[in-house]
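Chemist: Sharing a structure here in structure tokens format.
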Amino acid sequence: MWGCVRMYKGYCMDKYGRYYSPVTLKEAKEIYDYCQLQKHFHYEIRIVEPTDDAIVVQVIEGMFVFPEEWKRYNTV
């Protein structure tokens, strides 16, 4: 589609699975920056495709766990 931008939803969660209102994210850099900032404050971050809620990026306890390629961004 012309002019169609793929959008994702970012959720921050606590240890008990409670989540806050999602934010809309559009680009990989925006998703990465969001995760890098929020991982210091939230137990889990999920970036999902809103059409089917498929997880496209997941961070748990400050570490990227999905997708596999993003694990290289983990720092000790």
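The values are calculated or read from the model by the stated rules, or taken from the named source; none is laboratory data. What you see is a predicted model; the values in this text were computed from it and never measured. Counting neighbours? That spans all protein chains shown, and the Cβs are built from the backbone with ideal geometry, glycine included.
Yes or no, residue by residue, for (1) under 12 Å from residue 62 (Cα atoms); (2) of a type in the set (A, V, I, L, M, F, W, C):
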position: 15; (1), (2): no, no
position: 22; (1), (2): no, no
position: 28; (1), (2): no, yes
position: 32; (1), (2): no, no
position: 39; (1), (2): yes, no
position: 44; (1), (2): yes, no
position: 47; (1), (2): no, yes
position: 52; (1), (2): no, no
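Chemist: Between 11, 73, 34, which is touching a Pro at 6+ places or on another chain (Cβ under 6 Å) and hydroxyl-bearing (Ser, Thr, Tyr)?
Modeler: 11
Chemist: Continuing with the same structure: Of all residues in segment 37-58, which are out of contact with any strand residue (DSSP E or B) (no Cβ under 9 Å at 6 or more places or on another chain) and either modelled with pLDDT of 95 or more or among the hydrophobic types (A, V, I, L, M, F, W, C) (or both)?
Modeler: The one that is out of contact with any strand residue (DSSP E or B) (no Cβ under 9 Å at 6 or more places or on another chain) and either modelled with pLDDT of 95 or more or among the hydrophobic types (A, V, I, L, M, F, W, C) (or both): 37.
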